[in-house]
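The values are calculated or read from the model by the stated rules, or taken from the named source; none is laboratory data. All of these numbers come straight from a predicted model, not from anything done at the bench. Cβ sites come from the backbone with ideal geometry, for glycine too, and all protein chains shown count toward neighbours. Protein only, heavy atoms only, side chains kept; ligands, DNA and RNA dropped before computing areas. Shrake-Rupley method; radii C 1.70, N 1.55, O 1.52, S 1.80 Å.
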Amino acid sequence: MDWYMMNCELLATCSALGYLEGDVYHREPDCLESVKDLIRYLRHEDESRDVRQQLGAAQILQNDLLPILVQYPQDKVLFDAIVRLMVNLTQPALLCFGKVPVDAASRHHFLQVLSYLQAYKEAFASEKVFVVLSEKLYDLLQLDWEQRQEEDTLLIERILLLLRNVLHVPPDPTEEQGVDGDASVHDRVLWALHISGMDDLLKFLASAQVEQQWALHVLEIISLMFRDQNPEELAALGQGPAGAEHGEDTRELETLRQRELAEKRARALQRPSRHSRFGGSYVLQGLKSIGDRDVVFHKGLHNLKSYSHDLGKEPQRVPRRRQAAPESEPSRRSARNVRLFLRHFCQDFLEGCYNRLMLLVKDQLVREKAQQHDETYYLWATAFFMAFNRRRGFRPELVSETVSVRAFHFIEQNLTKYYEMALMDKKEATTWARRMHLALKAYQELLRTVQEMDRCPEQAVRDSSQVIKSNIFYLMEYRELFLTLFRKFDETKQPRSFLRDLVETAHLFLRMLERFCRGRASLVVQSKRVRRKKKPRAPTAVAPPPPSTAELEELWAGLAPQLQACLEGEVPLPEDVVPFDAASETPVEEQRAEALLRIQGCLRRSQVPQALRLLRSARDVWPEGDVFGAADAGPPEETRLLREILVAPLPQNAPPEPEEPEDEEEEDEEEEEQTVQVSEKEFNFLDYLKRFACAPVVRALVLLLRGYARNSPRTNHCAARLLHRLARDLRMEPLLFQLSLFALFHRLLSDPAAGAHQELVALAKFILGKFFALAATNKKAFVELLFWKNPTAVCEMTKGYSSLQEGEGAPRSRVPPWTPQEEQELRELYWKYKEVEGEDVIAAILAHLPAPGRTRRQVVKQLVRMGLASSARDFPRERKGTRIVLWTQEQEEELTRLFEEFQGSDDVLGNILKHLTARRSRARVVEKLLGLGLVSERKELYKKRRRKSHGHGPGTAAAGVQAVPAQDSSAEDEDSEEEEDEEDEMEEGPMEENWAPEEGAGQGLAQRLHQEGLAGPLRWLENCLRRAAGDREEDGVSHPVPLVPLAEENEDAMEDRRFQSLLRQLGLRPPASEQESFWRIPAALTPQQLRRAAASVAHHGPDPSGSPRDLPEPPQCPQDPGPAEELPAELGSDSESEEPVPVPVPSPVQSGTKRRWELDSEDEDGGSSAPSPLPPLPGPGLAPAAPCSEEDEEDEDPQPRGRRKRIRCLEEDEEEEEES
C-alpha cells in the first residue's frame, strides 16, 4: 500500500485542521472535532498501524499539530486534545507492535513507524515547542492540590509522557554519522529542553514533597536524557586545564602513532637495498602443501612472514544463532555545551533530589506499585549517579540512600532473578541479559563506592564501610555470584561489554576480599550446604516362610467359632473397611488381588470381623466371575470361601526395597527432601580463589583479551591480574596452556604497538617460559594445548599422569566394592538358584547374601559385570500383583467350554478373550489353558493364516502359479512367537524412555538387513541419527524427533518386523499412544549414543571371502521392484558383475501392472489393513518363504497402532484399462 495516498476520510479530517501561511497557522472552525476524530482513528487502526503511517507520511505533526500547539496555547480544550494526539503519535514503536516483528512484512511496518518517529523527534528540537510546554507545566504545578482538577493532573501526566516519548526515540545511524563533539538530534532536543527551563521543573518534581506521584516518570525521563553519556567523563569535564580533558584522546592518538611508526620501520627493513626485477621462487622446507611436497613460495622473502594456508580462502560464515551479541548502544560524545549543562544538572540533582527520589522509587518497587521492569531505571540511576559522585569529589552523604546492605541485597536479588530468567526464557534471553548488565553495573558501583569510603578521612565513614564489607563478605550469595556469572556466560546472548564489566567487578571484589582477610587473623563466614534427607536404607527383608498346611488347619479350627458368631450377627462387623480406592493409580485387577491378600492377612492375624466385611464389600465391588462368591451367597458358602482364601498359596507382596542409584555416583533414586543447612566456617582466600580455576573462567578471560587493542587499560589490567592470580598465586601455570591463548600471545608479541601493553607482554613471556620448561620433561604438553584444563589435569601434567590414586579426582562412590569372597559367593548363589522355576533369582540371592545389604540393582550390575548375564533385562522385575490369579471352578468350566466352541476357528485365543466373563490378560489365559491340558503347546493358539490366490476364480491359481514348496513350520512358529512376544511387551508397557543402547547394538541385524536389500532404508536411518546428533550438539536441547518415512522403500521398511526390531535395539521408541503415528528418537539419547547407533547401522562393505553368493534370493511380493530396479547401473556399480541372480518364482500378478499410491486412513470402514512386512531372508537350509499377496494381508489383520494414515499400494491391470 502506498502510504502517501491517504484514505479519503483521513484526508478530509486532516484538511479540516487548518493551514499554514508563512509562520502563521490559521485553524479551521472544526479543528477541535478533527483532532478528536484523528484520536478516534488511531484507536481503531489495524496491526500494520496504517493510520499512524499515513499521518506520518503526510507530516501532520510537523505541519499542523506543532504550529497549533505553539500559536493557540490559551485554548485549554484544544491544547489538551493536541497533547493527547501527540502522545499517541509519538508512542514508541515497541509499544505499538509489542516486540520487534520477525516476519518481513511486519518488520517493514515497524521500521517505517520508527522512521516517522525519528522525523518527529527532529521537529521537537525547537525552543518554541518546549517553552510552551514548560510554561503550561509551570502553571499547572503552581496550582494547589485543592485547586487542581482531574483534567489538570491528566495534562501533567500527558506532558511528561510526551517528553518521555520524544526522548525515547533512538537515533538514526544513517543520518547521524558525525564525529564526537557534534550536536546530534538528541543533543538539540536536550538543549531546547534546557533553554525552556524544563530541566528545572524536572528537578522540582523530583524534590517536592507534594509531587511524589511523578517519581517514576521523572526518573525515566532523566535516564533517557543521559542515555549517551559517560558519568566519569561528565564528572571530569571542566576540571583542570583544557588539555587534561582530552587526555584519553591524546593517549589513543599516541598509540596509533606508535603502531604506524613501527609499521614504517618494518617496511623499511623489509625493502631490499637493490631493486630486483624478479622476485624468485623458494621452497619452504618442512611446510607441506596440499600434496606431499613442500610449499613453493613465489614472492619475495620479505613477504614470508605473512604467508598462510588461509590466503585466498573465503571466511567461514558464522550462523546467526552463533554470532556474538551486539552492543546495546555505541558510545558517543555530545557537544560541549550540552555536556556542561548535563554536568550541572547532575550536581544539582545529587545535592537536592537523589536520596529522596531513590527512596520513593524503591518504596514503590517494593510495594509493587510500579509497572513491570521499572526497577531497571532504579538500577541505572544507582550506577550512573554514584559513579558521577565518586569521580566528582566523593561525598558519601549525597548517595547515602543507596549505600547500604539493603541496597546490596536488592541488587543481588534482581541480578539473580535476571540470571535465572535468562536461562529459562530462551526466546527473550537477550533482553534479560541487558537487564542483568544494568544490575551488574549497579553492583560494581556499590563496590567502588565502598572502596572509596575506605579512603575517606572521616572515621565514621570508614567504620560504615567496614560494616558493609563484613556483611557482604559473610554471606555466601555474594561470594558465589561471580562464579555463577562466569560459568554461565554466553557470548551469543551477552555482549562483550557485559564480560568487561564482569571481569572488572570480579577483580575489584577479589582485591577487596583479599585486603579484608589480610588485616585479620581469621575470618568466619556463612556456609550453606544442601542436605538431601533420604529414607533410611533398610537391609533387604527376608520374607517369612509360609505356614504349613497343619498350621493353617489348626488356625482355622480356632477361627471357626469366631466366624460362626460373626455370621449369626453376635459380633458386629466394622463399617470403615473399603476394599477399593477409586482415586488410586493402581489398576482394578491389582486392587482385586490386593483385596484377596488383605482378607488372607486378616484371617491369619485372627481378625475375623474385618475379613468377613472385606469379603462382602469386595463382592459388591467385583460381582463378575463370582471370585468373592455369588451375590446371594449364604453363610455356608462364605465359610467355604474364607477357608479357601486362608489356605490358598497367594504370593505375599515383598517389602519395598531401596533402589540402586542410576548414575555412576550411585545417588539415591527415592524421593528426597532437600534442606539447607546453614553453618559457619573459617574462610581461606586461596581456597576461594581455587573456585575460579576452571575452564569457563579462563575461556571468558581469553575471549575478553582478544580485543586487547580496543579495551581500556583498566580492562586489560583486570583480566591480566585475574590470569596472574590463577597462574602464580595458585601455582597452576598449566591451566593457561591453551592454544587459543598462545595464539593471542603470538599476536600480541608481533604487534608493533605492544609497548602500550607491557603488563600483557610480561604475562605472555611468563606463561610461555613455564610452558617450554614443562615441555622439556613432559612431551605430551603440546597435545594438552588443544584442551581446556581443570585442576586435576594440571596436577597430572606437572606431577605425572599416574599421580592421582584411584578415586582422588572424583567424588568417591558410596557403594562398597565387591570383595573376591563376595563375588565367589554371588557366583555360587546364582548357579544355585538359576534353574529354580517359578522363583525370582535376584530375590533368592538377596535373601541369602550376608551384610552389607545390597540392593537389587547392585546385584544385577555385578552379575552383568562378572559376565554371568548379558544385560539387566535378563532379570525383569516382577510387577506387583501379576501372579495373583485365582480361578474359580465356574471360570475354569467356562474357559473349557469356550475353548471347545472356538477350537476350529482361525483365532482361538482372540475369540476366547472376547467372550470371557472375567477379564484376563492374554498370557494368563494361555497359562491356564496349558495348565488344564487343553493345549500342549503355545503355537496351537496362534492365529491361523490362510493362503489365498490372487485370481478371481478357483482355477486361477492352478493356471497362473506353479506349485510352491511348503514353508517350513519353524519360520511360521518364529513369526508367531515374535507376535506373541510383541503383544506381551505391549501388555507390560512401553519401552523405558531413559533406556540407552549398548555399544554395537544392532550391528549384526543391520548387516543381515543390508544383505536382504534394505540398504536404502538403513542409509536413511543412519542420516536421521547423525542429523539428530548434530542438532542436539548445536542447540544444547534434546526433544523427541519423529522418523517420518517419505520414500516408498523407507515406508515399507518401517512396517518390517525385523527393521522394527533393529529400531528397538538402537533405543528408538515406537508410537506410544493413539496421538502418535511415527517412531521417535527419544530425548534421553545423547549425541554420542546417536553417533554410535549410526555407526552400528552403517554398512562397512561386504567380505569378499565370506559373502554368501550362492544363497537364493527370497521370492518377492508383486509390488516389490525387481532386481534391476533395486540397483540401477547409473549408481556407479557394475551391473553385469554384481547383479543378483533371482530365483524364478512366477508372480501371481500379470506382467503389465502399474502402482498407484493412495493416502488411506484407518478411520474409514471396509479398507484393507496395512501391508504385511516382507518375509525374512531364509538362511542356509531353510526353504524359501511363500510369496505375498494382497488377500494374505487382509487375512493377517494386524492390530493398528493408533489412528494413523498409511500408504497403501494398490495394483491395477493396465491391459484391462486399455481394453476398457
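Odds and ends about this structure:
- When the criteria are applied in full, GLU33 fails the requirement of being among the acidic types (Asp, Glu) and within 53 Å of the chain's Cα centre (by Cα).
- Condition check for VAL296: of a type outside the set (Phe, Trp, Tyr), at pLDDT below 90, open to solvent by 60 Å² or more (accessible area, probe 1.4 Å) and in a loop (DSSP other than H, G, I, E, B): no
- When LYS770 is tested against (1) basic (Lys, Arg); (2) in a loop (DSSP other than H, G, I, E, B); (3) over 36 Å from the mean Cα position of the chain (by Cα), exactly one condition is not met: (2).
- Evaluated against (1) touching a residue at least 60 places away in the same chain (Cβ under 8 Å); (2) buried (at least 18 other Cβ atoms within 10 Å of the Cβ); (3) under 14 Å from TYR708 (Cα atoms), PRO734 falls short on exactly one condition, (3).
- Residue check, LYS36 in a loop (DSSP other than H, G, I, E, B), surrounded by fewer than 19 Cβ atoms within 10 Å (Cβ to Cβ) and of a type in the set (Lys, Arg): no
- Within the option set ARG356, ARG343, ARG321, being of a type outside the set (Ser, Thr, Tyr), outside any loop (DSSP other than H, G, I, E, B) and exposed (fewer than 14 other Cβ atoms within 10 Å of the Cβ) holds for one residue only, ARG321.
- Restricting the first member to the stretch 461-479 and to residues that are in contact (Cβ under 8 Å) with a residue 40 or more places away in the chain and at positive phi, and the second to residues that are open to solvent by less than 50 Å² (accessible area, probe 1.4 Å) and part of a helix (DSSP H, G or I), no beta-carbon pair is closer than 8 Å while six or more apart or on different chains.
Condition check ((1) free of Cβ contacts under 8 Å to residues at least 40 places away in the same chain; (2) open to solvent by 40 Å² or more (accessible area, probe 1.4 Å)) across all residues:
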| site | (1), (2) |
| --- | --- |
| PRO1017 | no, no |
| LEU1021 | no, no |
| GLU1033 | no, yes |
| GLY1036 | yes, yes |
| HIS1039 | no, yes |
| PRO1045 | yes, no |
| ARG1057 | no, yes |
| ARG1069 | no, no |
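- Unique match (being within 30 Å of THR492 (Cβ to Cβ) and in a helix (DSSP H, G or I)) among ARG1019, ARG1027, ARG1064: ARG1027
- Residues that are in a helix (DSSP H, G or I), in contact with a helix residue (DSSP H, G or I) (Cβ under 9 Å, 6 or more places away or on another chain) and open to solvent by less than 90 Å² (accessible area, probe 1.4 Å) within the stretch 774-792 comprise LEU774, ALA775, ALA781, GLU784, PRO791, listed in sequence order.
- For the stretch 1036-1058, the set of residues classified as polar (S, T, N, Q) and touching a Gly at 6+ places or on another chain (Cβ under 9 Å) consists of ASN1050 only.
- Scanning the stretch 480-503 for residues that are open to solvent by 10 Å² or more (accessible area, probe 1.4 Å) and hydrophobic (A, V, I, L, M, F, W, C) gives LEU481, PHE489.
- Test set (1) within 29 Å of LEU137 (Cα to Cα); (2) at pLDDT 90 or above; (3) among the small types (Gly, Ala, Ser) - GLY22 fails condition number: (2)
- Residues that are open to solvent by 90 Å² or more (accessible area, probe 1.4 Å) and either outside any helix (DSSP H, G or I) or touching a strand residue (DSSP E or B) at 6+ places or on another chain (Cβ under 9 Å) (or both), drawn from the stretch 106-148: TRP145, GLU146, GLN147
- Residue that is hydroxyl-bearing (Ser, Thr, Tyr) and within 20 Å of VAL450 (Cβ to Cβ), where the choices are SER328, SER400, SER334: SER400
- Residue within the stretch 149-162 that is of a type in the set (A, V, I, L, M), closer than 19 Å to GLN118 by Cβ, in contact (Cβ under 8 Å) with a residue 24 or more places away in the chain and not in a loop (DSSP other than H, G, I, E, B) present: yes
- Counting residues in the stretch 522-529 that are open to solvent by 20 Å² or more (accessible area, probe 1.4 Å), part of a helix (DSSP H, G or I) and either touching a strand residue (DSSP E or B) at 6+ places or on another chain (Cβ under 9 Å) or not aromatic (Phe, Trp, Tyr) (or both) gives zero.
- Taking residues in the stretch 35-52 that are in contact (Cβ under 8 Å) with a residue 40 or more places away in the chain, and partners anywhere that are of a type in the set (Asp, Glu), the pairs with Cβ atoms closer than 6 Å and at least 6 places apart or on different chains are VAL51/GLU45.
- If you go through the stretch 999-1049 and keep only what is of a type in the set (S, T, N, Q) and modelled with pLDDT of 85 or more, you end up with just ASN1023.
- Helices (runs of 4 or more DSSP H) contained in the stretch 825-911 and holding at least 2 residues open to solvent by 70 Å² or more (accessible area, probe 1.4 Å), modelled with pLDDT under 85 and closer than 30 Å to SER936 by Cα: 889-901
- Members of the stretch 751-767 that are open to solvent by 40 Å² or more (accessible area, probe 1.4 Å) and part of a helix (DSSP H, G or I): GLY755, ALA756, GLN758, GLU759, ALA762, LYS765, PHE766
- Candidates ARG518, ARG479, ARG511 - the one that is under 20 Å from ALA693 (Cα atoms), over 33 Å from the mean Cα position of the chain (by Cα) and not β-branched (Val, Ile, Thr): ARG511
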